[in-house]
Amino acid sequence: MARKIGSWPALLLAALILTAGTFCGKAQPGFDLIIKGGTVIDGSGTAGFVGDIGITGDRIVKIGRINGSPAPTVIDAKGLVVTPGFIDVHTHCDRAIAEVPTVDNYILQGVTTIIGGNCGGHPYPVSELFSKIEETGTAPNFGTLIGHNTIRREVMGMAMEPPTAEQMEHMKALLRQEMQAGGLGLSTGLAYLPGTYSDTAELVELGSVVALFGGLYATHLRDQAEGITESIEEALLVGEKNGIPVQISHIKLADDKVWGELERITHPVEQARARGIEVYLDQYPYTATSSGFTSSFPSWAFEGGRERFRERLNDREQFIRFKDHIIRKRLTSSRGIDRLETIYIASYRHEPGYQGKNLKEILLEQDREPSVDNAARLIIEIQENGGAQGVFFQMDESDVEALMKLDYTMHASDGGIQVPGQGVPHPRNYGTFPRIISLYVKDRGVLKLDEAVSKMTSLPAAAFRIEKRGRLEEGCFADITIFDFQRFSDTATFSAPHQYSRGLEYVIVNGEIVVEHEQLTGRLPGRVIYGPGKHTQEDSK
């Protein structure tokens, strides 16, 4: 437990010890915080050891054995695991971090750094968000990618055609502006609007701007099923042409037609890595995805915006084309799986009563036959009424485990900031990191603890060029997670997702305790993680 050294005898004794050590020439410096006797897993992938950690200010200044050094706060970590704070490189926390700076559902997983702006979307202009965070603070550290969909929408709206030369220069200028503000790289959401309207040449050219600032390219692929190999190859081309790292988001085989065919992913990735291209994958440890329903429609359905979409719905021929596309894409299984039972509504403003129910349950509630035809019509109705967030069970557990083992795969949530009681979101928002430790390390032995920790810490720090974080080393920032290995586990489920983890003893961000015995302290010591473009700009002034 944490204890305060505040009594006069304790202070006098500490002073005498420090003075005696000075006369002997062997004094250790005083610390602000000492973590004593924990099993230290330093993030490097090597086995843990029992040791102490001394923290002064926001830095780790001593790892090893600490005897007789004064500190206002001492954490007794005997019997606990001490790791670097977890880094989640794939979140959508940029959407609400200014309103919920405590970021409860991430901090209470042991996450100390979050990266937003994924899947092609970010708050524009990003400088405004950074200024707000600098002013009010956050519990975790925060950085963000720059979204291609956002940039394209600013310049071209919902136009389906390729950009003109003038529009391309405008997009590049906006991307340059956002990178100079501190963006970490470019993200794309090529299954979403309007990114789906772009071609490879557009992405390669925008990647050239990212290269100027030492950023990376992160992508939600065009296709995560039968076309996944070609989609990966497109991403690799963007990286190879521009000499920048490639991060493939939430990797999966998202259709039962391709379950078990891991070489569709590993072959192009490992060939690229052999050629010297820096490629990483991130993955969440669940068999269900979560997204809006727009990706269930053909991309041309939304060309020109929402009003044009509604006009098309009134055209019988186009309505039928929508319906047939949804049946093929969302509601058909090659293995006889009833897709109506595997698609749930997570949040739906128009009809909150549908939240937490699958398509079959909703149709039966409406006294409609639970057929694929009616399910497709229901999806169209939902989109016509403003859209909804869905949960889609699409993956096979054995594929999840196999992808998790790859050396270049890191753990990430693909979640966002959640407020308890609002909707029925994917449990990954609350449980990704403790689930890895509890289910895939402790219960199933898919990974060793030191492997899992490195995939949560040093690997994402290396991929995103986050300096002095992701390791427990002297000189690194004091971002630290401490948990009880036997108790640390997720409690969030698909039916009851708004539940925090258990067994999390402490979380420390930049040297300050933000979680103590599973409870938030309310402190906001997090910092903005700026990309190299901001530093380059400031250095040139």
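What follows draws every value from the coordinates through simple rules; no lab data is involved. On a predicted model such as this, the values are computed, not experimentally measured, just so you know. Cβ sites come from the backbone with ideal geometry, for glycine too, and all protein chains shown count toward neighbours.
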Given +1 on the Cβ of Lys and Arg, -1 on the Cβ of Asp and Glu, and no further charges, what dipole in debye does region 293-393 carry about its Cα centre, rounded to the nearest 20? 320
Given a cut-off of 41 Å, what percent of all Cα-Cα pairs of the chain lie beyond it? 24
Computed over region 293-393, the relative contact order (Cα-Cα under 8 Å, seq sep at least six) in percent reads 31
Any idea what the relative contact order of the chain is, in percent, if you count C-alpha pairs under 8 Å spaced at least 6 apart? 21
Can you tell me the 0 to 90 degree angle between the C-alpha axis of helix 372-384 and the longest principal axis of the chain, rounded to 10? 70
Net charge dipole size for the chain [Lys, Arg +1 and Asp, Glu -1 on Cβ; Debye, nearest 20]: 1120
Fewest-first ordering of His350, His122, His498 by Cβ atoms within 10 Å yields His350, His498, His122
HN-Hα couplings for region 262-270 via Karplus (6.51, -1.76, 1.60; θ = phi - 60°), in whole Hz with x for Gly/Pro, come out as 5, 5, 4, 9, 5, 4, x, 5, 6
Among Val61, Ile337, Pro525, which residue has its Cα positioned farthest towards the positive end of the charge dipole of the chain, with +1 placed on the Cβ of Lys and Arg, -1 on the Cβ of Asp and Glu, and the dipole taken about the Cα centre? Val61
Would you work out the relative contact order for region 92-249, in percent, from Cα pairs under 8 angstrom that are 6 or more residues apart? 22
Find which of Gly304, Ala388, Ile362 sits farthest along the positive direction of the dipole of region 293-393, computed with +1 on the beta-carbon of Lys and Arg, -1 on that of Asp and Glu, about the Cα centre. Gly304
At a temperature of 37 °C and a viscosity of 0.692 mPa s, determine how fast region 293-393 diffuses translationally according to Stokes-Einstein, using the Kirkwood radius over alpha-carbon pairs as Rh; express D in µm²/s, rounded to the nearest whole number. 239
Near the amide H of Val279, under 5 Å away, which other amide H atoms are found, from residues 5 or more places off or on another chain, if H is placed in the peptide plane? Val246
Just to confirm my numbers, what's the Cα centroid distance between region 406-427 and region 120-166 in Å? 21
Under the rule of -39500 (n - 2.57) per DSSP H run of 4 or more residues, summed and divided by the residues of the chain, what mean residue ellipticity at 222 nm is obtained, to the nearest 500 deg cm²/dmol? -10000 deg cm²/dmol
Positive-end residue, the chain charge dipole about Cα centroid, Cβ charges, pick of His426, Ile277, Asn510: Asn510
Between region 374-396 and region 186-242, how many Å separate their Cα centres? 26
For Arg59, which sequence-distant residues (separation of 5 or more, or a different chain) have an amide H within less than 5 Å of its own amide H, given hydrogens modelled in the peptide plane? Ala478
